[in-house]
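Asks: Below: one structure in structure tokens.
The values are calculated or read from the model by the stated rules, or taken from the named source; none is laboratory data. Treat the numbers as computed from the prediction; the structure is a model and nothing was measured. Heads up, the Cβs are rebuilt from the backbone with ideal geometry, glycines too, and the neighbour counts pull from every protein chain shown. Side chains included, ligands, DNA and RNA excluded: accessible areas come from the protein's heavy atoms. Shrake-Rupley method; radii C 1.70, N 1.55, O 1.52, S 1.80 Å.
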Amino acid sequence: MALFEYVNEQYRSENDVINLIDYVQRNSHFFDTPFSFSSSPFCLWDQMKFYKRYYQKYDGNLVRHFVLSFDTSRYENHVTLNNIKSIGYFISELFCEYQPLFGIHKNTSHWHLHIVINTVNTQTGLRLHIDRKAFHNLNKHLAGLLSNYKIALMPYTYYDERGILNYGKAPAPFLYECKDPYTYK
């Protein structure tokens, strides 16, 4: 089951943002900036900074950071790098006015997708506010997309013992404990 999380960390200085972009880029199997013109952390930050200065919104949290993790060691072992790229582009499209960038990492057990976005809208100058309700709606939208790849998103969707996608939280925490991971392909 996949998990989409907001990284609750403050990125209040230029160094914080450059270090985050560098981390996402340096450790990536794939890195892209669909709505920007460079891949250098300094140039990417300069592009984001341009809009912050233009709209005079250079204070507070400078970027938002999200991570979408996949259980590719078990239930999502059918997910490929190309699938994750497609998902990264889909999420980038949702935040296209906030200069998104994403990188796909793999640690020893699973793939995960890092998404970094500017907090200032390039078209309107409005700040990005993601409250609980907006995050919930984003997750519901993402759960629909992930179902196309046979991926459940905790706690919005799950596959039951028959391999059928259901919406809502899994009714029992032990639903997947003894299940064969190949059942969910």
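Asks: In the stretch 1-78, what is the volume of the convex hull around the alpha carbon atoms, normalised per residue and reported in Å³?
Replies: So the per-residue hull volume is 112 Å³.
Asks: Not counting ligands, DNA or RNA, and with a 1.4 Å probe, what is Val7's accessible surface area in Å² rounded to the nearest 10?
Replies: Looks like 40 Å² after rounding.
Asks: With every protein chain present, what accessible area does Ser13 have (1.4 Å probe, heavy atoms only), rounded to the nearest 10 Å²?
Replies: About 40 Å², ignoring ligands and nucleic acids.
Asks: Run through every distinct alpha carbon pair of the stretch 108-149 and return the Kirkwood hydrodynamic radius in angstroms, one decimal place.
Replies: Working: mean 1/r = 0.0782 Å⁻¹.
12.8 Å is the Kirkwood radius here.
Asks: Using the Cα centre of the chain as the reference point, and only Cβ charges (+1 on K/R, -1 on D/E), how large is the resulting charge dipole? Debye, rounded to the nearest 20.
Replies: 240 debye
Asks: Counting heavy atoms of the protein chains only and a 1.4 Å probe, report the per residue accessible area for the chain as a whole number of Å².
Replies: With all protein chains present, the chain gives 52 Å² per residue.
Asks: For the stretch 17-159, please report how many Lys pairs fall under 21 Å Cα to Cα, leaving out neighbours fewer than 8 apart on the same chain. Please report the intermediate quantities before stating the final value.
Replies: Values: Lys49/Lys57; Lys85/Lys106; Lys85/Lys140; Lys85/Lys150; Lys106/Lys150; Lys140/Lys150.
Pairs that pass both the separation and distance tests number 6.
Asks: DSSP loop GluC sites (Glu not before Pro) in the stretch 74-178 with at most 13 other Cβ atoms within 10 Å of their Cβ, which ones?
Replies: Qualifying residues, ordered by number: Glu161, Glu177.
Asks: Then there's this: Relative contact order of the stretch 35-185, please, whole-number percent, based on alpha carbon pairs below 8 angstrom and at least 6 residues apart.
Replies: With pairs under 8 Å counted, the relative contact order is 21 percent.
Asks: Could I ask something else about it? Carbon and sulfur atoms: what percent of the 1.4 Å accessible area of the chain do they account for?
Replies: On the way: 4990 of 9700 Å².
Solvent-exposed carbon and sulfur of the chain make up 51 percent of the total.
Asks: With viscosity set to 1.002 mPa s at 20 °C, what whole-number translational diffusion coefficient in µm²/s follows for the chain from Stokes-Einstein and a Kirkwood radius over Cα pairs?
Replies: Stokes-Einstein gives a translational diffusion coefficient of 124 µm²/s.
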